Each structure stands twice: as structure tokens, then as C-alpha cells.
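*Asks:* Before anything else, here's the structure in question.
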Amino acid sequence: MIRVLNGCRVVGGQLVEPGLPANPLVVTQAIEYARAFFTQRPAFDTLGSLPIISGSFGMFRRQTLFEVGGFSNRTVAEDMELVLRLHHHFRSHPGRRAYRQVFVPDPVVWTEVPETIRDLGRQRRRWQRGLAQALWAYRHMLFRPRFGWLGMVVLPYYWLYELLELVILALGYVVTAAGALAGWLHQTALVGLFLLPVSLNLVISLVALFYGELPFGRYQGLRDLVRLVFWSLTEPFWYRWLSVAWRLAGLWDALRAKQGWEKPTRVGTWAVSPHNVRPGAG
């Protein structure tokens, strides 16, 4: 499990008090992480078809990594590329060996996320470029029964929803707006087309928050939970559009074969020196 460190209190390298910062950009990223790790990962784990084990907190058998040639530098999503290569390795060879790749929700690593639009945009462009590179490299696994749920369901989902959804979304809004201006759409249908993706996104976010945050209780009670719910309600009206713009830029970077690694700035606003802690505090 990966959780957002920004807003937490860390003393001498130890997390002593989890919490949320005031920055809406960071709070919304916490919601994104909740969606990914409380809904998506468990679902793919149930199918035995995890397409990615996050590079910031993953464990692999050393000998198995040697067997497949270790990490690759042909994508900027080396964690996803490695996991897909392991699936391909174990399922492609004659006399296939049984293997497992699992998601374990109990261990937690706390990571610092970008706090500015510039840094977050650079990170998400790189993520989208790496996703496109990894999916293209293993496109031959699509709709192949040999690869089970991964080839028949999970990878098609990633192509349609994670990679191309933003293109479909942008075109959909353009066509809908054109239809509305031309008088082809009734007002009720127009409102419905707008509210449907907003509602679905909100339902998924709330399920993730109440399924994940309440049982695990990482944040500080009702106040933080209310803030998470509030920003979940606002997310479709501002953050989603930023995300679409960044992901479109990342897809364009992949199409033109851009190279390089854009790393966000680490500001360490969560850090507290142990020398500045009051006696008895923490």
C-alpha cells in the first residue's frame, strides 16, 4: 500500500502522526491513491492478473529477476514493464511453471507527492508516457487466452480506460458540445451525459474512501475523512481536466518517442528535526 506523506508529522525519520495538508492538489492525489489501492489493485489481484507492482514498494524474488534479465531501461515505467515481462515469461514457455504475483494491503510506505501543478504535471506526463511504452511493448498479449484474465480483460481495460480514455473523453465532450449547439440534444440528455461520468467517478472515490479509510484508519478521524469526501465532490470539475491535459501531453510524448526522466521536486514539508521537538512531544 502506498499512502501520501505530505501533511503527516515525521520526527527523526519516523512517522508519528498521519494527516492531510491544506493543499487541495495533495488531498486529491490522496483520493487517487485510495482509488487505485483500495479498489483497482484488489480486483486485479483477485483475478491473479496484476499488471503493475509499484516501483516505490514492491518485492520480487531475486533469482526470478535474474531469470528474466532484471529491470529494463526501454520504458520510463520500469515497474509495469517488469511485471508484464514476468507474466509473459511464466505463461509463454512450454511446461509453464505455477507462479503468483499478489497485492498485500497491510504494509504501508509513505511517499511524498508533488505539491505544485508544474511538478505534478511533469510526473503525470511521464507516467502516461511510460504506460504507453509498456502497453505497446506487450501489445501481443492482448486477447490471448494463454494470458488468462490479464490478456482478455485487464490489458484491454488498460488500453481503453487508462491510455485511450482521455482521447475518447475529449472527443466525447467536443461532439456533445457540437450537438448541443446544433440543437440535436435535449437539455435533459445533455445534463445526463455530463453527470454520468461525474457520478461514476464520485461513487468509485467514495467506495475507496469508506472501504479503505474507515477500516485502516490511517488519517485523523472524521475531520480528515470529511475533507477527503469534499474534494472528491469537486474533483471532476477541476482536477479531472488537469489530468486529461497532462495525460494527453504524455501520450503525445510517447508518440514522438521523447526521452528522459522528469523528476518532481521534493520539498520535505513533512519533515521535523528531532532537535526541534519539545520534550514529551510525539
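*Asks:* Quick one: in the range 59-78, of everything that is within 28 Å of Val244 (Cβ to Cβ) and out of contact with any Gly (no Cβ under 6 Å at 6 or more places or on another chain), which residue is modelled with the lowest pLDDT? Before the answer, list the steps.
*Replies:* Taking the range 59-78 and keeping what is within 28 Å of Val244 (Cβ to Cβ), we get 74-78.
Pick out the ones that are also out of contact with any Gly (no Cβ under 6 Å at 6 or more places or on another chain) and you get 74, 78.
Values: Arg74: 88, Glu78: 93.
Result: Arg74.
*Asks:* Then there's this: Give the range 137-156 a look and list any residue that's part of a helix (DSSP H, G or I), free of Cβ contacts under 8 Å to residues at least 60 places away in the same chain and crowded, with 16+ Cβ neighbours inside 10 Å, or say none.
*Replies:* Of everything in the range 137-156, those that are part of a helix (DSSP H, G or I), free of Cβ contacts under 8 Å to residues at least 60 places away in the same chain and crowded, with 16+ Cβ neighbours inside 10 Å turn out to be Met141, Gly151, Met152.
*Asks:* Given the structure, is Tyr161 within 25 Å of Phe57 (Cβ to Cβ), among the aromatic types (Phe, Trp, Tyr) and touching a helix residue (DSSP H, G or I) at 6+ places or on another chain (Cβ under 6 Å)?
*Replies:* Taking the combined requirement at face value, the residue does not satisfy it.
*Asks:* Ok, one more. Which residue is nearest to Leu84 (Cα to Cα), if the candidates are limited to the range 3-17 and must be surrounded by fewer than 19 Cβ atoms within 10 Å (Cβ to Cβ) and touching a Leu at 6+ places or on another chain (Cβ under 9 Å)?
*Replies:* Checked the range 3-17; the qualifying residue nearest to Leu84 (Cα to Cα) is Leu15.
*Asks:* Got at least one residue in the range 44-65 being among the acidic types (Asp, Glu), buried (at least 16 other Cβ atoms within 10 Å of the Cβ) and under 20 Å from Trp231 (Cα atoms)?
*Replies:* The answer is no; no qualifying residue exists.
Listed here are the residues, each with its yes/no results for (1) under 28 Å from Gly260 (Cβ atoms); (2) modelled with pLDDT under 95; (3) of a type in the set (Lys, Arg).
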{"position": "Val109", "(1), (2), (3)": "yes, yes, no"}
{"position": "Val113", "(1), (2), (3)": "yes, yes, no"}
{"position": "Tyr158", "(1), (2), (3)": "yes, no, no"}
{"position": "Leu164", "(1), (2), (3)": "yes, yes, no"}
{"position": "Val175", "(1), (2), (3)": "no, yes, no"}
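*Asks:* From the list Ser205, Ser199, which one is modelled with pLDDT of 80 or more, surrounded by 14 or more Cβ atoms within 10 Å (Cβ to Cβ) and part of a helix (DSSP H, G or I)?
*Replies:* Sole residue among the options that is modelled with pLDDT of 80 or more, surrounded by 14 or more Cβ atoms within 10 Å (Cβ to Cβ) and part of a helix (DSSP H, G or I): Ser205.
*Asks:* Could you give me the residue pairs with C-beta distances under 6 Å whose first residue belongs to the range 228-255 and is of a type in the set (Lys, Arg), whose second residue is part of a helix (DSSP H, G or I) and surrounded by 16 or more Cβ atoms within 10 Å (Cβ to Cβ) wherever it lies, and which are 6+ apart or on separate chains?
*Replies:* Pairs that qualify, where the first residue is of a type in the set (Lys, Arg) and the partner is part of a helix (DSSP H, G or I) and surrounded by 16 or more Cβ atoms within 10 Å (Cβ to Cβ), are Arg247/Gln128; Arg247/Leu166.
*Asks:* Another question, then. With Glu81, Glu67 as the choices, which residue is among the acidic types (Asp, Glu) and touching a helix residue (DSSP H, G or I) at 6+ places or on another chain (Cβ under 6 Å)? It would help to see each step written out before you state the result.
*Replies:* Details: Glu67 fails: touching a helix residue (DSSP H, G or I) at 6+ places or on another chain (Cβ under 6 Å).
Every option except Glu81 fails the conditions.
*Asks:* Another one. Name the residue, out of Val76, Val109, Val113, that is surrounded by 17 or more Cβ atoms within 10 Å (Cβ to Cβ), in contact with a strand residue (DSSP E or B) (Cβ under 6 Å, 6 or more places away or on another chain), aliphatic (A, V, I, L, M) and in contact (Cβ under 8 Å) with a residue 40 or more places away in the chain. I'd like the intermediate steps shown before the answer.
*Replies:* Working: Val76 fails: in contact with a strand residue (DSSP E or B) (Cβ under 6 Å, 6 or more places away or on another chain); Val109 fails: surrounded by 17 or more Cβ atoms within 10 Å (Cβ to Cβ).
Residue meeting the stated conditions: Val113.
*Asks:* Does the range 246-257 contain any residue that is on the phi < 0 side of the Ramachandran plot and modelled with pLDDT under 90?
*Replies:* no
*Asks:* So Pro105 ticks every box in (1) assigned to a helix (DSSP H, G or I); (2) in contact with a helix residue (DSSP H, G or I) (Cβ under 9 Å, 6 or more places away or on another chain) but one. Which box is left unticked?
*Replies:* Unmet for Pro105, out of (1) assigned to a helix (DSSP H, G or I); (2) in contact with a helix residue (DSSP H, G or I) (Cβ under 9 Å, 6 or more places away or on another chain): (1).
*Asks:* Residues in the range 43-53: is at least one of a type outside the set (Ser, Thr, Tyr), in contact with a Ser or Thr (Cβ under 8 Å, 6 or more places away or on another chain) and either closer than 30 Å to Trp238 by Cα or at pLDDT 90 or above (or both)?
*Replies:* First, pick out the residues of the range 43-53 that are of a type outside the set (Ser, Thr, Tyr): 43-45, 47-48, 50-53.
Right, trim to in contact with a Ser or Thr (Cβ under 8 Å, 6 or more places away or on another chain) and you get none.
No: the range 43-53 contains no residue that is of a type outside the set (Ser, Thr, Tyr), in contact with a Ser or Thr (Cβ under 8 Å, 6 or more places away or on another chain) and either closer than 30 Å to Trp238 by Cα or at pLDDT 90 or above (or both).
*Asks:* Among the numbered criteria (1) at pLDDT 80 or above; (2) out of contact with any Ser or Thr (no Cβ under 7 Å at 6 or more places or on another chain); (3) surrounded by 15 or more Cβ atoms within 10 Å (Cβ to Cβ); (4) under 30 Å from Ala132 (Cα atoms), which single criterion is violated by Val229?
*Replies:* (4)
*Asks:* Further, regarding this structure: Please state which of the following conditions Glu32 fails to meet, knowing it meets all the rest: (1) at pLDDT 90 or above; (2) surrounded by fewer than 16 Cβ atoms within 10 Å (Cβ to Cβ).
*Replies:* Going through the list (1) at pLDDT 90 or above; (2) surrounded by fewer than 16 Cβ atoms within 10 Å (Cβ to Cβ), Glu32 breaks only (2).
The values are calculated or read from the model by the stated rules, or taken from the named source; none is laboratory data. The structure displayed is predicted, hence computed values, not measured ones. All Cβ positions, even for glycine, are placed from backbone atoms using ideal geometry, and neighbour counts span all protein chains on display.
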